[in-house]
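**Q** First the structure, then my questions, so here it is.
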Amino acid sequence: MRDDAHRSVQSVERALAIVQHLADDGVESTGSQLARQLGVHKSTVSRLLATLEDAGMVERNDQTGGYGLGLGVVALSGTVLGRLEILRVADPVLRRLAETTQETVNLSVRYRDKVMNVQQIPGPNVLRSRDWVGKTVFLHRGAGSKALLAYLPDAELRAYINAPRVVNPDGQHGHLEYLWREVAEIRRAGFAINRGELHPQVYAIGAPIFDGQGRCCASVSVAGAPEAFAEARIPELAARVMDAARTISQQLGHAVGRFASMA
């Protein structure tokens, strides 16, 4: 029984790895590609893909033979998002922010050691915007991510920054003095800036959102083309983003005046 239980758990882990890989990669993958990338035998991957396809978790493209995420994942994500109070509270605030800044607005929440974008509202005049909904990035990359990272409890912040996966621009691991300085600046200013960290043609400004217990639970950011984020415009955009974050925080029960005191 113990061997059977182990094989069952291993199958679940491998199936989840397939779904996670397809989500992270964002493109179709064939069974052979998945087997190679995950280090699993092709026959095992084929069997798992068939089960996932029956459940609607993945879909096969008959023309290319590749697999992508299925509508079953959308149904599950819709159920989870429907339970997030912050989406209901934040939606009108985010829409006003998109209208006043004319830029794309994103709402992100923490997901383990990353942040996940759970809502995106394109600016009124934005013809084409990268779809970041459901995407995850590490906490030290991007404006919304860094805004959340900077307000983690000190012990969690130290543990994250000192983790091996966090690498500075020179490829060195360690205490990352540049990131500590950036965290201090974010806490002082109340917002974070991304100058092409995730995509060279996307700049952004993000601010933290706090819940009723004073925890930084999410972040709001505006993103757009580099030319829309000229240095002269940064104060105006930052003020609007921080005002939106403050409004959402207050509606979540956060006490007024706590933002500045976090620095």
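The values are calculated or read from the model by the stated rules, or taken from the named source; none is laboratory data. None of the values given here were measured: they were computed from a predicted structure. Ideal geometry is used to build each Cβ from the backbone, glycine not excepted, and the neighbour counts take in all protein chains shown.
**Q** Step by step: first the residues of the range 2-29, then only those that are outside any helix (DSSP H, G or I) and at pLDDT 80 or above, then the one that is nearest to Gly72 (Cα to Cα). Which residue is that?
**A** Result: Glu28.
**Q** Next question, about the same structure. How many residues are exposed (fewer than 14 other Cβ atoms within 10 Å of the Cβ) and either modelled with pLDDT under 55 or among the hydrophobic types (A, V, I, L, M, F, W, C) (or both) if we restrict to the range 168-191?
**A** 9
**Q** Of the conditions (1) in contact with a Cys (Cβ under 8 Å, 6 or more places away or on another chain); (2) modelled with pLDDT of 95 or more, Asp211 fails just one. Which one is it?
**A** Of everything listed in (1) in contact with a Cys (Cβ under 8 Å, 6 or more places away or on another chain); (2) modelled with pLDDT of 95 or more, Asp211 misses just condition (2).
**Q** Within the range 225-252, track down each residue that is within 24 Å of Tyr111 (Cα to Cα) and touching an Asp or Glu at 6+ places or on another chain (Cβ under 7 Å).
**A** Once the filter is applied, which keeps residues that are within 24 Å of Tyr111 (Cα to Cα) and touching an Asp or Glu at 6+ places or on another chain (Cβ under 7 Å), the range 225-252 yields only Leu252.
Residues checked against (1) among the hydrophobic types (A, V, I, L, M, F, W, C); (2) surrounded by 12 or more Cβ atoms within 10 Å (Cβ to Cβ); (3) modelled with pLDDT of 95 or more:
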{"position": "Gly224", "(1), (2), (3)": "no, yes, no"}
{"position": "Ala228", "(1), (2), (3)": "yes, yes, no"}
{"position": "Glu231", "(1), (2), (3)": "no, no, no"}
{"position": "Ala238", "(1), (2), (3)": "yes, yes, yes"}
{"position": "Asp243", "(1), (2), (3)": "no, yes, yes"}
{"position": "Gln251", "(1), (2), (3)": "no, yes, no"}
{"position": "Ser261", "(1), (2), (3)": "no, no, no"}
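**Q** OK, next. Just name the residue that is modelled with the highest pLDDT out of those in the range 30-81 that are more than 14 Å from Ile18 (Cα to Cα) and of a type in the set (Val, Ile, Thr).
**A** If we take residues in the range 30-81 being more than 14 Å from Ile18 (Cα to Cα) and of a type in the set (Val, Ile, Thr), then Thr64 is modelled with the highest pLDDT.
**Q** For the range 121-136, what are the residues that are of a type in the set (A, V, I, L, M, F, W, C) and either surrounded by 20 or more Cβ atoms within 10 Å (Cβ to Cβ) or at pLDDT 90 or above (or both)?
**A** Ile121, Trp132
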